[in-house]
Every structure is written in C-alpha cells, then in structure tokens.
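Student: Got a structure for you, questions after.
The values are calculated or read from the model by the stated rules, or taken from the named source; none is laboratory data. Bear in mind the structure is a predicted one, so any value in this text is a computation, not a measurement. Every residue, glycine as well, gets a Cβ built from its backbone with ideal geometry; the counts of neighbours run over all protein chains shown. In case anyone asks, the SASA skips ligands and DNA or RNA and just uses the protein heavy atoms, side chains included. Shrake-Rupley method; radii C 1.70, N 1.55, O 1.52, S 1.80 Å.
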Amino acid sequence: MYKRQQEIRSPGGGDNLFLSSIVAVRPDTGEYVWHYQTTPGESWDYTATQHIILADITLRGSVRKILMQAPKNGFFYILDRETGELLSAENYINITWATHVDMETGRPVEVPEARYTDVPFMLYPSYLGGHNWHPMSYSPATGLVYIPVLDIPAVYGQPENFQYNPGVANTGTDSVVGGLPDDQAERDAIGALVQGRLLAWDPVQQTEAWRVEHKGSWNGGVLSTAGNLVFQGTADGNLVAYRADTGEQLWDFSTQTGVVAPPIAYEIDGEQYISINVGWGGAFALVFGEYVQAESLPNVSRVLTFKRGGKATLPAVPWTPTVVFNPPELKASDATLQLGHQTYQDVCMGCHGLNAVSGLLIPDLRGSAYLWDETGWEDVVRGGKLKDLGMASFANNISAKQSEAVRAYVIQQAQRAQALQKAAATNL
Ligand code: HEC
C-alpha cells in the first residue's frame, strides 16, 4: 500500500507542528510566544531553517517591525515579528507545489499532484529548496534582499513499501524514481533545468528588482555593504562584486575553487577588508555529480582576504578531474542489479552521488579498483576499512547481499560511463 509521507511521520494526522515553522520564544524563559508554519504536513524537505532577517520597514503606509525569510519552499515571507501575523508571502522562484499562500488562513494552497500519492511528480523547488543555507542579506540602503537562489526541479514518488531503516536517511520517498534517467539525452535535458542565480528582491513590493544568472546552481552566501555593493562567490570559482541597486557587475576575482560560504567585511586601523572562506562542498556538490562534473573545479579550502590596491596572486592548482573507467565484466542478474540500484540510491547516493556519478569530492566509485575485488569491497563497505577517511561501516544498515548487489550496480554504471566516454572520443 502506498502511504502518504505525512502519514508515515504522523499517523494520527495533523500538520506535524513545528516542522518548517518559525517559532518565537522568550529568550529568558523559553516561553512560547507565537508560531507560523510555512509548510503544513511537510513532505518535500522544505525546511524553514533559513536565515531570518529583522527590519523595520514601511508597509502599506505604516512602519512595521517585521521579520523576513526565504525558506526552501520558494515563498518569501514577511511576518510581524511581535505578533507572528503574516503580512505577505509571494514566491521568489517558479514553484509547482502550490499556487499561492491564502492570506486568510496563512496556508499554502497546494496543487493536488504535489503530494505524489498516485504518480511521481516533478516539483519545483527540489528537496534542496529555492534557497538553502547560504546566507541571504538585506541592505537598508537599497531596501533590497539579496538571495542566493537555487532553481532546480526534483521528481518525488512514493515508495511502495516504506520501512524505517535506522541509521540511514529515511525520506519516505522513492529514491530510484528521484534519481537520474538512463538515457543521456534526458539527463542532459534535466541538466539544463538545474540553475542558480543571485536575486535582488524588493520585500515591500514582493517583486524582483534584478537578477544575475550563474553558471552553476550551488553558489555562495551574500554580503551587502553600505557602499552600494553586493559580494557573492560562485560555484564556478569567482568572487564577484555588483552594484547593489542595479546588479551591474563591477569586479571579479578567480578563486580557483567553488565558493559556498558568504564573505564578511571589516575594518582594521581605518582600512576596509573583505574575507571569505573559499572551497567547494555540501549536499549539491556531493549528490548532483552528473551536473557538477561538467565544469568541475577542485576543492581548495582557503581564507582569501582583499583590500583596495591588494596585489597578491594565488599559486596555480593542478587538477585532473577525468575519471578512468575500467570496470570488470558484469555477471549479475536483473534482480541483483535492481536490488543494488535501490540500495545504492537509499544508502550511498548522499555521498557518492545520484546514480553513482560522483561530484569528485570523494572517489568516483565507477573508477574504483574495488570493483574488481569482491572481498576488498566488502572490507570497505561493511568492514569499515576506510572509516578513518570518512567511509563508515554500513554493516548495521545493509546485508552482505545488498553490498554485493551495489557493487554490481556500480559496475553497470561504470560500463555505461565507459561506453559514453568511448563514443565521445570517437566523435572528436
Ligand atoms: C556519509 C558519506 C558516505 C556514504 C553514505 C557512503 N560513503 Fe563510501 N566513501 C565515503 C568517503 C568519504 C570515501 C573516501 C574515503 C577515502 O578518502 O579514501 C568513501 C569511499 C568508498 C569506497 C572506496 C573507493 C575507493 O576506490 O577508494 C567504496 C568502495 C565505498 N565508499 C562504497 C560505498 C557504498 C557501497 C556505500 C553505500 C552502501 C557508501 N560508500 C556510502 C563516504 C561515504
């Protein structure tokens, strides 16, 4: 029997309070004051853990003490921070799970397919949200909020027989349906939908002021300054400064690595500095390997500091991202490959990438020598041989049969990649 994800989590019914909620408590006592739930009965990983920015702004003729949030679900919320009253909510990206927020009830009006109960459904935003943890910023000078936006779809489907499996992700969604299609043209078509941008948002009008489309989706947090500047690092390895009021690009610097963190500004002895942690990683970089590899940069974790007139340059970073595919012959049955596919997507995908395509922060399993070595594979996957390097033992989560089935599935995916690589080489 299919089971709605909301029922798995809360068999007694209800909205699953306080999931995806903004809750006000008194700091001295912890006493509850008010709450606003952005996504009742949350079923898509639309958390509301994103930043909350406070401001006093003039709204419909009067100054209001507000808070602003752009949570994962794609709506930009303005609440009265004293009372929790919802003042406005408009979507800051195209969304397909709901049409709007009903201002009477404060609830999103969902489209019927959004809960993917009967058939899988492609939704915007994805489980990564329209905005993830990368900090947005607000400039009182321009009155605009600068949001590092993720514009990515995801297919959601119900698992046929959901069973709680302690110690691994229990999303209650079908991770095979949510994976990549086999056909490369279809994969590329999805890749074209995987987008990201810097969005300047007018919170009073609840409309876009300007946008800058980025090459990658998973870009850095934002800093806005009193000097009419907005700084953001990008997935494709740049730190960029824009005019805060218009979005005009004024300056950029090649960071040699993707950037996900936000910059900070400070002053020492009358001199102003910008510092930023550069370095590439996080959920998107790990999971979306198919779309990261295309313009892959190494992860080089450094703190970079800038001041006006600074002349330092970065030493070159060697990087050869090409994975060599040399898989053994595939001997597994269809049933084994299916078990391997399911187990891989349920348990391994979060670090090794959707459908075994690595984001290259950790070894691409399709190029692993362990594909040739059944015992060695078992020693790593269930024996914990590489646990000190971050590859824990999965002995408590998957059986030896499942581990071996995953090896077969990865061999199959390596053969697929090898065939594509050969075809590309002959087409040159
Ligand atoms: C929480 C993250 C995480 C998960 C989940 C995970 N791995 Fe790993 N795995 C790693 C890391 C990190 C490494 C790299 C260790 C190193 O640097 O050598 C690794 C390495 C490996 C290697 C060695 C590759 C090589 O050639 O050196 C194998 C095999 C492997 N993982 C299989 C699996 C399988 C199968 C699963 C699912 C059952 C899985 N992993 C799930 C993090 C993870």
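Student: Given the residues GLY376, GLY359, which is the only one that is modelled with pLDDT under 95 and touching a helix residue (DSSP H, G or I) at 6+ places or on another chain (Cβ under 6 Å)? Before the answer, list the steps.
Tutor: Details: GLY376 fails: modelled with pLDDT under 95.
One residue alone meets the criteria, GLY359.
Student: If we keep just the residues of region 374-415 that are more than 7 Å from the ligand (Cβ to nearest atom) and hydroxyl-bearing (Ser, Thr, Tyr), which is surrounded by the fewest Cβ atoms within 10 Å (Cβ to Cβ)?
Tutor: Taking the candidates together, the pick is THR375.
Student: Further, regarding this structure: Among (1) at pLDDT 95 or above; (2) within 16 Å of the ligand (Cβ to nearest atom), where does TYR273 come up short?
Tutor: The number of the failed condition is (2).
Student: Step by step: first the residues of region 195-217, then only those that are closer than 24 Å to LEU297 by Cα and of a type in the set (Lys, Arg), then the one that is surrounded by the fewest Cβ atoms within 10 Å (Cβ to Cβ). Which residue is that?
Tutor: Applying the filter and picking the extreme gives LYS215.
Student: Hey, among LEU337, LEU360, LEU354, LEU365, which residue is within 9 Å of the ligand (Cβ to nearest atom), buried (at least 16 other Cβ atoms within 10 Å of the Cβ) and of a type outside the set (Val, Ile, Thr)? Even if it seems obvious, please write down each step before you answer.
Tutor: On the way: LEU337 fails: within 9 Å of the ligand (Cβ to nearest atom); LEU360 fails: within 9 Å of the ligand (Cβ to nearest atom); LEU354 fails: within 9 Å of the ligand (Cβ to nearest atom).
Sole residue among the options that is within 9 Å of the ligand (Cβ to nearest atom), buried (at least 16 other Cβ atoms within 10 Å of the Cβ) and of a type outside the set (Val, Ile, Thr): LEU365.
Student: Based on what the data block shows, is GLY383 at pLDDT 95 or above and farther than 19 Å from LEU286 by Cα?
Tutor: Against the criterion (at pLDDT 95 or above and farther than 19 Å from LEU286 by Cα), GLY383 qualifies.
Student: Let me ask something else. Would you confirm whether or not region 364-374 contains a residue that is outside any helix (DSSP H, G or I), touching a residue at least 40 places away in the same chain (Cβ under 8 Å) and out of contact with any Gly (no Cβ under 9 Å at 6 or more places or on another chain)?
Tutor: yes
Student: Among the residues of region 322-334 satisfying the criterion of being over 30 Å from the mean Cα position of the chain (by Cα) and open to solvent by 20 Å² or more (accessible area, probe 1.4 Å), which is nearest to the ligand (Cβ to nearest atom)?
Tutor: Of everything passing the filter in region 322-334, ASN326 is nearest to the ligand (Cβ to nearest atom).
Student: Okay, moving on. Please state which of the following conditions TYR46 fails to meet, knowing it meets all the rest: (1) more than 27 Å from PRO120 (Cα to Cα); (2) at pLDDT 95 or above.
Tutor: It is condition (1) that TYR46 fails.
Student: Any residue in region 389-411 that's in contact (Cβ under 8 Å) with a residue 40 or more places away in the chain and assigned to a loop (DSSP other than H, G, I, E, B): show its pairings with residues that are within 10 Å of the ligand (Cβ to nearest atom) and open to solvent by less than 10 Å² (accessible area, probe 1.4 Å) at Cβ separation under 6 Å, as long as the two are six or more apart or on different chains.
Tutor: Within 6 Å, the pairs are ILE398/THR343.
Student: Separate question: Do you know which residues across region 152-170 are touching a helix residue (DSSP H, G or I) at 6+ places or on another chain (Cβ under 8 Å) and within 19 Å of ILE8 (Cβ to Cβ)?
Tutor: GLN158, PHE162, ASN165, VAL168, ALA169
Student: Could you figure out which of (1) at pLDDT 95 or above; (2) polar (S, T, N, Q); (3) more than 20 Å from the chain's Cα centre (by Cα) isn't true of THR117?
Tutor: (1)
Student: Filter region 81-120 down to the residues that are within 23 Å of VAL33 (Cα to Cα), touching a residue at least 12 places away in the same chain (Cβ under 8 Å) and not acidic (Asp, Glu) and list them by number.
Tutor: Result: ARG81, THR83, GLY84, LEU86, LEU87, SER88, ALA89, VAL101, MET103, GLY106, ARG107, PRO108.
Student: Which fully enclosed strands (runs of 3 or more DSSP E) of region 1-116 have 2 or more residues being open to solvent by less than 20 Å² (accessible area, probe 1.4 Å) and among the acidic types (Asp, Glu)?
Tutor: Strands (runs of 3 or more DSSP E) meeting the threshold: none at all.
Student: Here is a check on your reading of the model: is VAL168 over 18 Å from the mean Cα position of the chain (by Cα) and at pLDDT 95 or above?
Tutor: Numbers: over 18 Å from the mean Cα position of the chain (by Cα): yes; at pLDDT 95 or above: no.
The answer is no for VAL168.
Student: Going by what's in this entry, would TYR138 be described as over 15 Å from ASN91 (Cα atoms), in a loop (DSSP other than H, G, I, E, B) and modelled with pLDDT of 95 or more?
Tutor: no
Student: Something else: Looking at region 171-198, which of its residues are under 30 Å from LEU223 (Cα atoms) and within 16 Å of the chain's Cα centre (by Cα)? Reasoning before the result, please.
Tutor: First, pick out the residues of region 171-198 that are under 30 Å from LEU223 (Cα atoms): 191-198.
GLY191, LEU193, VAL194, GLN195, GLY196, ARG197, LEU198 - these are the residues of region 171-198 that are under 30 Å from LEU223 (Cα atoms) and within 16 Å of the chain's Cα centre (by Cα).
Student: Now, a different point. Quick test for you: out of THR117, THR99, pick the one residue that is farther than 30 Å from TRP280 by Cα and touching a strand residue (DSSP E or B) at 6+ places or on another chain (Cβ under 7 Å).
Tutor: After applying the criteria, what remains is THR99.
Student: Also, I was wondering about something else. Limited to region 289-321, what total is found for residues that are at pLDDT 95 or above and buried (at least 17 other Cβ atoms within 10 Å of the Cβ)?
Tutor: Count: 2.
Student: For region 3-61, give me the residue count where each residue is at positive phi and more than 26 Å from the chain's Cα centre (by Cα). Reasoning before the result, please.
Tutor: So in region 3-61, the residues at positive phi come out as 13-14, 16, 20, 30, 41, 45, 60-61.
Next, from what is left, pick out any that are more than 26 Å from the chain's Cα centre (by Cα): 13-14, 30, 60-61.
Of the residues in region 3-61, 5 are at positive phi and more than 26 Å from the chain's Cα centre (by Cα).
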